[in-house]
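Okay, so here's the structure we're looking at.
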Amino acid sequence: MARKIIIDTDPGQDDAVAILLALASPDEIDLLGITAVAGNVPLALTQKNARIVCELARRRDVRVFAGCDAPLARPLVTAEHVHGKTGLDGPQLPDPTMPLADGHAVDFLIETLRREPSGSVTLVPIGPLTNIAAAFRAAPDIIPRVGQVVLMGGAYFEVGNITPAAEFNIYVDPEAADIVFRSGVDLVVMPLDVTHKALTSRSRVAAFRGMGTEVGRMVAEWTDFFERFDKEKYGAEGAPLHDPCTIAWLIRPELFTGRHINVEIELEGRHTTGMTVADWWRVSGRGANALFMGGVDDAGFYALLTERLARL
């Protein structure tokens, strides 16, 4: 039976690929809706980009809800320097014609978790955790009803990508991350430690382009765009496809390895705000609250991604 999920997102080229992977995998993934949040770019663009991706996949039936336009307690920090001014810079795409769904994303999260059988819905946040935390704070009764939260965010061995200590999604709204990590939900974390091992390459991008489809062309051109930044930053052959790791884990968890450990969110550090303090070696004595991933079969990951995207 396909797993019911809600993707919470701030697209972002890699967010777009994650959405496409979910839509290409109906046997494993039942996408109940997409909730947009401010992050890589402001909310006006993230909710628009989510609809653009749905239309690219010819899935105008997917409901897209606009959510929080700012973090819980801080000014919004965005990442146009990586994703471009639209968040989906690279190939030109038409504006979406499908409308936003009525209502606020936080209300949709609450209503869905109350309506669906307890434990049956997985939340997949691949941007800042503002919407998820706002829902948990407004309706704490939904927390034990969440089946699992599978998120992209954080770092340990790979340290930070927006500050020396912090990964972008957690840094943008550390208070929201703190709420989620302390909530007691079954939490799976895809940090930079994993995503930086899932790098694009010339042959992998060529495989996307070689599909001969509009989806394949778009994914190849999006990858060409944001590769430039990451290649210069990291000195690597390619760029990490961060967010699709969450969906890939839901489909083929055997591609990933990790540990159940304690992860705390730093809120007050002078140089470390937004850091995920991951007790990888279990030295703190604090109880485990997350399955924190550390490795990925990158060849298997790209084989899955290529096979599934070719279906669209």
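All of the numbers you see were taken from the coordinates with simple rules; none came from a lab. On a predicted model such as this, the values are computed, not experimentally measured, just so you know. No Cβ is skipped: glycine too gets one built from the backbone with ideal geometry, and neighbour counts run over all protein chains shown.
With the charge dipole of segment 54-123 set up from +1 on Lys and Arg Cβ and -1 on Asp and Glu Cβ about the Cα centre, the Cα lying farthest toward the positive end among the listed residues GLY90, ALA57, ALA105 is that of ALA57. Reducing segment 52-102 and segment 245-266 to their Cα centroids gives an inter-centroid distance of 25 Å. Taking 0.36 nm per residue of sequence separation and removing the Cα-Cα distance, the PHE229/THR306 pair yields an extension gain of 25.4 nm.
Using a simple charge model, +1 on the beta-carbon of Lys and Arg, -1 on the beta-carbon of Asp and Glu, nothing else, what dipole does the chain show about its Cα centre, in debye to the nearest 20? Don't skip to the end; give the middle numbers.
Numbers: 30 positive and 41 negative charges, 74 e Å.
It comes to approximately 360 debye.
Annotation: amide H of VAL146 within the under-5 Å range of GLY119, sequence separation 5 or more or interchain, hydrogens built in the peptide plane. Averaging 1/r over each pair of different alpha-carbon atoms in segment 156-198 and inverting the result gives 11.2 Å, the Kirkwood hydrodynamic radius. Which shape class, rounded, prolate or oblate, goes with segment 239-284 when its Cα gyration tensor gives a ≥ b ≥ c as root eigenvalues, a/c under 1.5 marks rounded, and past that a/b bigger than b/c marks prolate? Oblate, since a/c reaches 1.5 and b/c is not below a/b.
Less than 5 angstrom separates the built amide H of GLU158 from those of ASP193, all sequence-distant by 5 or more or on a different chain.
Shape call for segment 3-309 from the C-alpha gyration tensor, a ≥ b ≥ c root eigenvalues: rounded (a/c under 1.5), prolate (a/b greater than b/c) or oblate? It comes out rounded by the Cα gyration axes.
Extension gain for the segment ARG74 to ALA2, taken as residue separation times 0.36 nm less the Cα-Cα distance, is 22.2 nm to one decimal. Computed extension gain for LYS85 through GLU254, at 0.36 nm per residue and net of the alpha carbon distance, reaches 57.2 nm. Taking all Cα pairs closer than 8 Å and separated by 6 or more residues, the relative contact order of segment 21-167 comes to 22 percent.
I need the semi-axes of the equivalent ellipsoid of segment 133-216: take the C-alpha gyration tensor, multiply each eigenvalue by 5, square-root it, list largest first in whole angstrom. Write out the running numbers ahead of the final one.
Details: eigenvalues 196, 69, 24 Å².
Ellipsoid semi-axes (Å, largest first): 31, 19, 11.
Once you order the gyration tensor axes a ≥ b ≥ c over the Cα atoms, which shape class does segment 218-311 get: rounded for a/c under 1.5, otherwise prolate or oblate by comparing a/b with b/c? Oblate shape, in that a/c is at least 1.5 and b/c is the bigger or equal ratio.
Relative contact order of the chain: what whole-number percent is it, with Cα pairs under 8 angstrom and at least 6 residues apart?
Numbers: 714 pairs, mean separation 60.5, N = 312.
The normalised contact order for the chain reaches 19 percent.
Using the Cβ-Cβ distance between ARG209 and TRP280 with R0 set to 22 Å, the FRET efficiency works out to roughly 0.05. Model label sites at ASP186 and ASP95, defined 7 Å from Cα along the beta-carbon direction, differ in position by 4.3 nm.
Only Lys, Arg, Asp and Glu count, each charged at its Cβ (+1, +1, -1, -1), so figure out the dipole size of segment 8-99 about its Cα centre, rounded to 20 debye.
280
Among beta bridges from DSSP that stay inside segment 3-309, the antiparallel ones total about 30%.
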